[in-house]
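Down below is the structure, laid out as structure tokens.
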Amino acid sequence: MVLRTGHTDQSGNQALSRRQAECLRGVLDLKSAKQIGRELGISPHAVEKHLRICREKFGVASTAEAARLFARSAEGSEFLYSGPSYLVRNDGSYESGEVPGQPVTPSAAQLGDNRGAPSPNQPLTPRQTLLTIAAVSFASIVGLLLLVACAEAVRRLVSA
């Protein structure tokens, strides 16, 4: 299945526009709609609209699945991920024949939108960095307070 702008593919599906393909490439690069929009000079809302149309054209429920199918269909694909999907369909069945209940570890490309969630392949945003520093600082303070409380309890037991 080769997708070309303005044509239909061999299976009769409607082809993706250039913008839709660019948006899916951004998803494959694990970029948010905001990041994709900045690069393409369009709004995040427009990116979401393009991705919704892509999902409809591929007949899938998730953007990650549409991106996976797009990567598989691209000629000379430069995308690393094009393996089997372990995503659950709407009817609850597994696409790759996986048995429900067995652990499945999806790749980052299968995880859908990356709205604010840190990814091992992307640096943290300044906000995420500050929140991480605040959380570690708070945990350190709580740990020190517990240590002081334990030391005080031991001191009282020894002196009594």
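The values are calculated or read from the model by the stated rules, or taken from the named source; none is laboratory data. Remember, it's a predicted structure, so these values are computed and weren't measured experimentally. With ideal geometry, Cβ positions are generated from the backbone for all residues, glycine too; neighbour counts draw on all protein chains shown. Each accessible area value is taken on the protein alone, full model and side chains, heavy atoms only, with ligands, DNA and RNA left out. Shrake-Rupley method; radii C 1.70, N 1.55, O 1.52, S 1.80 Å.
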Where labels lie 7 Å past Cα in the beta-carbon direction, separation of E39 and A139 in nm: 3.1 nm
Accessible-area value, F138, 1.4 Å probe, nucleic acids and ligands omitted, Å²: 140 Å²
Residue-by-residue Karplus 3J(HN,Hα) for the stretch 26-35, coefficients 6.51, -1.76, 1.60, Hz, glycine and proline x: x, 4, 5, 8, 6, 9, 7, 4, 5, 5
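Working with all protein chains in place, sort H45, H50 by solvent-accessible area computed with a 1.4 Å probe, largest first.
Values: H45 140, H50 45 Å².
The residues order as H45, H50, largest area first.
Using heavy-atom solvent-accessible surface (probe 1.4 Å) with all chains present, what is the largest-first order of R38, R72, R19, R25? Mind showing how you got there, number by number?
Numbers: R38 165, R72 130, R19 65, R25 105 Å².
The ranking, largest first, comes out as R38, R72, R25, R19.
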Residue-level accessible surface for I53, protein heavy atoms, 1.4 Å, Å²: 40 Å²
L124, L157, reordered so the largest accessible area comes first (probe 1.4 Å): L157, L124
Accessible area of V158 in the full protein assembly, 1.4 Å probe (Å², nearest 10): 120 Å²
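For L124 and E22, FRET efficiency with R0 = 22 Å and r from the beta-carbon atoms, rounded to 0.05?
Values: r = 25 Å, r/R0 = 1.15.
Between E22 and L124 the formula returns 0.30.
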